[in-house]
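Q: Next up is a structure, given as structure tokens.
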Amino acid sequence: MAKKPITQPLEHGSVVRLSGGRLAEWNSLAEAGTSYRTEHFRCIDSLGILLRNGSITAQMHDAGQDFNRTFVFAQMDPAGAPPLTRIPGGQWKDSMTERVVWARKRMHEALDAVGGISSPGGCAVWHVAGLGRSVKEWSAVEGWNGRTLNQYEAKGILVGALAVLAVHYGYSRKG
């Protein structure tokens, strides 16, 4: 019988690849005043990686996160709980909640600011900030207008769109 390779325990901050190609960071923190440790994986988002590498500013990151929250509130994310309108006997049979309508309006205004959903910037923001795909995945699988993009071109499109979003949301000024 073959021996199992001896693996070293993960250290705090180690980055590992999970199934499905997602990256996660191992967090191991001591609880204050006890001998207990909190240990878990935290998925790393594409915007977080870009911020850590210095490709985007904190304002661009915050604008992307704001778009993501609005995207989730607008119920555009395919993952998560179904809206109550799909549940038989749900409270809202014929209409969306005001929160969903407001979020969809805000999301469309943000997309219009970057050129609309059919523009390269709108497509990048939708897939990377909204759906949480990596820049590499978006450029190879989806691309823009049905064409795959070079990963570096895709990153440039996303950075430009996030700069416009930062101005739109008021995180930074035109200049």
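Q: If you find the alpha carbon centre of the range 45-61 and of the range 97-175, how far apart are they in angstrom?
A: The range 45-61 and the range 97-175 have Cα centres spaced 14 Å from each other.
Q: Follow-up question, since we're still on this one. Taking the Cβ of Trp126 as the centre, find all other residues whose Cβ is under 10 Å away and add up their charges (Lys, Arg: +1; Asp, Glu: -1).
A: 0
Q: Under a crude label model (7 Å from the Cα following the beta-carbon direction), how far is Cys43 from Lys105 in nanometres?
A: Placing both labels 7 Å along Cα→Cβ, they lie 3.0 nm apart.
Q: Output ³J(HN,Hα) for the range 124-137: one whole-Hz value per residue in order, computed from phi by the Karplus curve 6.51 cos²θ - 1.76 cosθ + 1.60 with θ = phi - 60°, and x for Gly and Pro.
A: 5, 5, 4, 7, 8, 6, x, 7, x, 6, 7, 4, 5, 5
Q: What are the trypsin sites (Lys or Arg not before Pro) within the range 96-175 that DSSP puts in a loop, where the Cβ has at most 14 other Cβ atoms within 10 Å?
A: Arg173, Lys174
Q: What's the exposure ranking of Met107, Met76, going from fewest to most Cβ atoms within 10 Å?
A: Lowest count first: Met76, Met107.
Q: Based only on other Cβ atoms within 10 Å, what is the fewest-to-most ordering of Ser28, Ser46, Ser172?
A: Ascending Cβ contact count within 10 Å gives the list Ser28, Ser172, Ser46.
Q: So for the pair Val167, Asp112, with labels modelled 7 Å out along Cα→Cβ, what separation do we get in nm?
A: 1.7
Q: If each of Tyr152 and Asp77 carries a label point 7 Å out from its Cα toward its Cβ, how far apart are those two points in nm?
A: Each label point lies 7 Å from its Cα, and together they span 3.3 nm.
Coordinate-derived values only; no laboratory data. In this text the structure is predicted, and so the values were computed from the model without any measurement. Backbone-built Cβ (ideal geometry, glycine too); neighbour counts: all protein chains shown.
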